[in-house]
Amino acid sequence: MNDSDTLPRQADVVIVGAGIQGLSLAFNLALRQVRDIVVLDAGYWQGGASGRNGTLIRGAFSSPEWTRFFAHSNRLWWGLSRQLGGNVMYSRRGYTMVAERDTTAHLLQRTLAVHQDCSIDSQLLSPTRLRKVLPALAHERVSAALHLPDSGVAPHHAAMHAYLKACRARGVDVRYRSQVTAIDQRNGAVDGVWLADQRIACDCLVLAGGAQSTALAGMLGVALDGYPMRLEAMALEPTRQLIGPAVALLDRQCYMHQTARGEVVGGAEVAERPQHSLAADVPVMAATAKAYAELFPQLKAARILRQWAGLVHISRDFGPLLGAHPGLKGLHVSAGWCYGHAGAPAAGELLAKAIVTGAVDERMRAFAVDRFERGCPVIEPGIVLSHFE
Ligand SMILES: Cc1cc2nc3c(=O)[nH]c(=O)nc-3n(C[C@H](O)[C@H](O)[C@H](O)COP(=O)(O)OP(=O)(O)OC[C@H]3O[C@@H](n4cnc5c(N)ncnc54)[C@H](O)[C@@H]3O)c2cc1C
């Protein structure tokens with residue numbers, strides 16, 4: 001996958017990590033006429049979380065900060081195939097959040113108010129309307145459902161392929177099997193990266209290393225919040241079309257959607273942290289199967305076809321860490337992504353703008369890397385992971 005076998009001796013920007021975050025940023029930097037961009041990845045193409053996710057793209061959450069950022073990203077997804085010149089297979093099929101408990105139903109009512117403030121098309125579904133949107137749901141268990149008609153799904157392989165192709169077409173040097181082993185700094189600024197005994201000099205470095213992001217920052221001796229966490233997903237054998245939109249079963253910490261070939265793909269989260277292993281886990285499969293069977297009884301007979309895990313980087317408020325790192329001149333971060341597939345188009349666009357112009361867009365400001373030191377975490381109660389706190 002390498003552009004050539006010889007590493008460049010220097011680059012204008014080095015990005016560590018060629019998952020969807022690293023590639024989206026590289027593409028957007030190239031659009032802004034940055035030259036000599038090198039993206040280095042220790043693993044193989046799609047070996048990180050960007051090749052292992054549930055592919056859901058949710059365009060709104062329960063906090064204004066998350067909603068503004070992800071609504072922007074969702075809108076970028078709509079035009080991404082055209083922008084990249086490759087089909088990302090985005091399907092605007094809607095996204096329904098389902099509450100069983102009364103407290104979660106109240107959260108959805110508050111969420112609707114946030115969406116209205118942010119001018120997002122969002123609808124609390126009446127029982128009759130919910131039957132139309134999700135006829136196979138066990139309606140007697142549901143206390144409320146909030147529907148985002150403009151959200152959807154995009155297969156990760158299609159998005160990764162389109163981003164990689166678009167990067168290479170613009171001269172970005174993307175290299176897999178290329179592990180960064182050390183990072184240099186000089187006089188309080190980034191100075192270069194090492195791949196074993198080879199060095200690339202650079203004064204602009206972006207850490208987009210997914211689960212390894214905190215460890216990468218450690219190579220520079222600077223702190224970065226967060227830890228690796230395992231998320232798991234599974235696919236059921238194909239069934240007839242039962243589930244139209246993407247679905248979050250909030251009280252089960254579970255999400256799902258049905259692919260074009262009929263497989264139901266998704267997963268439930270169980271409280272475990274931190275995790276470095278990609279091993280399959282029976283408790284997660286059992287929790288997912290239970291949620292599916294109870295909320296979609298027709299899935300009871302479907303067998304599990306595949307199961308897999310991936311590692312993501314989780315910050316202490318579960319939000320992204322996006323922007324300049326205050327510890328070192330020339331150091332930038334795109335990490336902390338548990339919804340990094342959905343967020344990639346906006347993260348790449350806004351971080352590229354910040355790197356090139358120095359202007360920090362309002363939609364990314366809330367996710368600044370140093371927000372915890374300043375006592376400004378972003379509270380987002382509408383994600384399944386936040387139930388762990
Ligand atoms: C099971 C599962 C389901 C998910 N479902 C969804 C979903 O439905 N919607 C959604 O939006 N998100 C979802 N996610 C999260 C999403 O996949 C991630 O947030 C996103 O892929 C993060 O992208 P990334 O580029 O930051 O990380 P990655 O794709 O993990 O890329 C980081 C890369 O950094 C490289 N790297 C690390 N250290 C080094 C080093 N020293 N030198 C060079 N390279 C290095 C790694 O090899 C890796 O390829 C899910 C994740 C999982 C695991």
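Name the pairs: first residue in region 235-246 and closer than 20 Å to Tyr95 by Cα, second residue within 14 Å of the ligand (Cβ to nearest atom) and among the aromatic types (Phe, Trp, Tyr), Cβ to Cβ under 8 Å, at least 6 apart or on different chains?
Filtered contacts from region 235-246: Pro245/Tyr95; Ala246/Tyr95; Ala246/Tyr255.
Here are Val38, Val88, Val98, Val34: which of them is open to solvent by less than 20 Å² (accessible area, probe 1.4 Å), in contact (Cβ under 8 Å) with a residue 24 or more places away in the chain and more than 24 Å from Ala233 (Cβ to Cβ)?
Matching residue, one of Val38, Val88, Val98, Val34: Val38.
Mind telling me which of the residues Asp191, Asp203 ends up being part of a loop (DSSP other than H, G, I, E, B), within 26 Å of Val356 (Cβ to Cβ) and open to solvent by 10 Å² or more (accessible area, probe 1.4 Å)?
Going through Asp191, Asp203 in turn, just one is part of a loop (DSSP other than H, G, I, E, B), within 26 Å of Val356 (Cβ to Cβ) and open to solvent by 10 Å² or more (accessible area, probe 1.4 Å): Asp203.
Among the residues of region 315-337, count how many are over 16 Å from Ala366 (Cβ atoms) and out of contact with any Asp or Glu (no Cβ under 9 Å at 6 or more places or on another chain).
3
For Val312, indicate whether it is open to solvent by 10 Å² or more (accessible area, probe 1.4 Å) and more than 15 Å from the ligand (Cβ to nearest atom).
no
Test each condition in (1) of a type outside the set (Asp, Glu); (2) within 15 Å of the ligand (Cβ to nearest atom); (3) not in a helix (DSSP H, G or I) for Arg371 and report the one that comes out false.
(2)
Any residue that is part of a helix (DSSP H, G or I), within 20 Å of the chain's Cα centre (by Cα) and over 23 Å from Phe296 (Cβ atoms) - is there at least one of those in region 84-95?
Within region 84-95, one or more residues are part of a helix (DSSP H, G or I), within 20 Å of the chain's Cα centre (by Cα) and over 23 Å from Phe296 (Cβ atoms).
Evaluate the following for Asp225: is it part of a strand (DSSP E or B), charged (D, E, K, R) and more than 22 Å from Tyr44 (Cβ to Cβ)?
In short, no.
Hey, any hits in region 293-307 for a residue that's crowded, with 22+ Cβ neighbours inside 10 Å, over 22 Å from Trp337 (Cα atoms) and at pLDDT 95 or above?
yes
Name the single residue that is surrounded by the most Cβ atoms within 10 Å (Cβ to Cβ) among those in region 321-359 being in a loop (DSSP other than H, G, I, E, B) and more than 17 Å from the chain's Cα centre (by Cα).
His325
Here is a check on your reading of the model: is Arg240 away from the ligand (no atom under 15 Å from the Cβ) and touching a helix residue (DSSP H, G or I) at 6+ places or on another chain (Cβ under 6 Å)?
No; evaluated as a whole, the condition is false for this residue.
Filter region 136-175 down to the residues that are more than 24 Å from Ala260 (Cβ to Cβ), within 16 Å of the ligand (Cβ to nearest atom) and open to solvent by 10 Å² or more (accessible area, probe 1.4 Å) and list them by number.
Asp173
Pick from Ser73, Ser50, Ser63: which is within 14 Å of the ligand (Cβ to nearest atom), polar (S, T, N, Q), open to solvent by less than 10 Å² (accessible area, probe 1.4 Å) and closer than 30 Å to Thr111 by Cα?
One residue alone meets the criteria, Ser73.
Quick one: Arg82 ticks every box in (1) in contact (Cβ under 8 Å) with a residue 12 or more places away in the chain; (2) over 16 Å from Leu112 (Cβ atoms) except a single one, so which number is it?
Here Arg82 clears every test but (1).
Scan region 360-369 residue by residue and report those that are under 14 Å from His332 (Cβ atoms) and open to solvent by 40 Å² or more (accessible area, probe 1.4 Å).
Val360
The values are calculated or read from the model by the stated rules, or taken from the named source; none is laboratory data. These numbers come from a predicted model, not from an experiment. Virtual Cβ from ideal backbone geometry, glycine too; neighbours counted across all protein chains shown. Ligands, DNA and RNA are excluded from the accessible area calculation, which covers all protein heavy atoms including side chains. Shrake-Rupley method; radii C 1.70, N 1.55, O 1.52, S 1.80 Å.
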